[in-house]
Every structure is written in C-alpha cells, then in structure tokens.
Amino acid sequence: MQTIDRRTFIADLGKGAFALAIVGLAACSPGTQATARPTASSAGSSSPTPGSPIPGQPSAAGSPPGAVPPARDELTWQRVNLGFVSAYVLVRGGQAAIVDTGVGGSAGSIEGALAGIGLEWSAVGEVILTHKHNDHVGSLGEIMELAPDATGYAGAEDISSISAPRSITAVGDGDTVFGLTIVTTPGHTPGSISVHDATNGILVAGDALIVEGGSPNYPGAQFTEDMDEARRSVAKLGELTFETLLVGHGEPIEGGAGAAVAELAAQG
C-alpha cells in the first residue's frame, strides 16, 4: 500500500496554506510542541433507531428545536476540526467524553463544540487519548483544568510520555469507558488505542487509520513506530462492525466504513 508524506497528506485534506504552514511544527510525531489556531468545528451524529424519549435530555447535535431527545444508549458525535487534526466530542444522555485534545491552544474550539450542543465543561466526565503524540494530547492540561471532574484515559504504554495535571488511567483491550469499548491498536505508538461503539456503529481510531480520498488507509510509515504492528491493528479493526469511522487525520466516513477497513486489511 502506497504511503504519502505528511505535507502531501495535509495538502490533500484541502486545509490550505495555514495547515501547510504549521505541519513542520505540529506533525503527528513524538516530541512535537506547537500551538494551534483552530478552525471552526464541524458537526456530525450517529443515526441509530431512536428509542424512548428521556425528559430533560439535550437534543443531539444537529437536531432541530423541539426534536425528540435521543435514547439514553444513543451516541452522537461532534467533530472538532482543528485544521490538520481532529478531536471529537461524544455525547450520551446529556454527558460528554472528549476523544483527543489537539495541539496546545485547542481547548477553545472544543469548548465551542460543547456549547454548540448545549453542554458545558461540567458535562465532561472522560477524556480519552488515542495515543501520546502532541497533536492529540497537546491541550490535555488545559482541558483537565477546565473539566475538573474528568478522568483521563490512555493506553498503558503511552502514559509515561503524556503530561497531565493529574493521573491518567491506563486502559486495555475490552475495557469500557463511557459505554465505549477500548480496542488496543498498537503500531503507530506502542499504546495506541481505538474506541468502538458497536450499538451505534461508530469507531474512533485516532491515528491507527487515516482517511484520504474518502477511503481508509494505513498511518504514514514515517510517523509510525512499528508499521508491521500497525498493519496487524488495522486487520483487527477490520473484524469489527461499524458504519462510521472517525480519525485524527482525514474526513469522517459515514456509511460502509467497516467494510472499507476490512477491504484495506485484506489487501495487506
């Protein structure tokens, strides 16, 4: 499978001169330090069959005023588009979990995404970090200060490389956080994890996968510590059932994502 360098990848994402200017500062590689000038967030939501309404529960992102609130087990998502990397706000039952925090300076955009769905930092109980690279954990300290009741989670192998104002809880294969199943997907980093919601058909893969040209692909070899392990992790993800794929780099895939990942894995 052909890999691309980070400059070409970012250009393909169509984020313009700004993204190209910051790639040298904030590429997804160990030890990077940078400050983001985030763009506006963009919304998305899962679309499982609605269940019984829950009085007082906020509507899902994108729902019209007065719409029937989602069932308690329904998961909706909000993408926070930071220009060359994305964070995600996952919402269930009026509570939120943040998956990845972007580079330093991204907390304001994440706060905007929360406000757009009628939530405040007090609704955030979990911050899940897919891996240790600074374009994914750079705003962790600020976010944990803004959400003082939130617990941070990450793969055990990456925790020692992540700076945080309080301890981060190690998670492993099959653990559950916010009703989501943790899937260990090492390779990009030793402690890389993905987050799976089988009920709603959503996978948040961090950098275990990228999306280019509307299709999933392997992470770039130049930013991946063990490419063979990364390929095995993609094969593992290809065995899961999901329709929506959310990644750190690239546009979300809504519909047929699991089949596309399985096809990628079959190609080797």
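Tabulated values for the structure
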item	result
Solvent-accessible surface ranking, highest first, for Arg166, Arg92, Arg79 at 1.4 angstrom	Arg166, Arg92, Arg79
Integer Hz, Karplus 6.51/-1.76/1.60 couplings in order for the stretch 123-134, x for Gly and Pro	7, 8, x, 9, 10, 9, 10, 6, 5, 7, 5, 6
Accessible surface of Thr241 - all protein chains present, 1.4 Å probe, nearest 10 Å²	110
The stretch 159-175 - phi-based ³J(HN,Hα) in whole Hz, Karplus 6.51/-1.76/1.60, Gly and Pro as x	4, 5, 9, 10, 8, 8, x, 8, 5, 9, 8, 6, 10, x, 3, x, 5
Neighbourhood charge, 11 Å Cβ-Cβ cut-off, centred on Pro190 and excluding it, Lys, Arg +1 and Asp, Glu -1	-4
Length released on extending from Glu239 to Ala164, taking residue separation times 0.36 nm less the Cα-Cα span	23.7 nm
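The values are calculated or read from the model by the stated rules, or taken from the named source; none is laboratory data. What you see is a predicted model; the values in this text were computed from it and never measured. No Cβ is skipped: glycine too gets one built from the backbone with ideal geometry, and neighbour counts run over all protein chains shown. When the accessible area is computed, the model is the full protein with side chains, heavy atoms only, and any ligands, DNA or RNA have been set aside. Shrake-Rupley method; radii C 1.70, N 1.55, O 1.52, S 1.80 Å.
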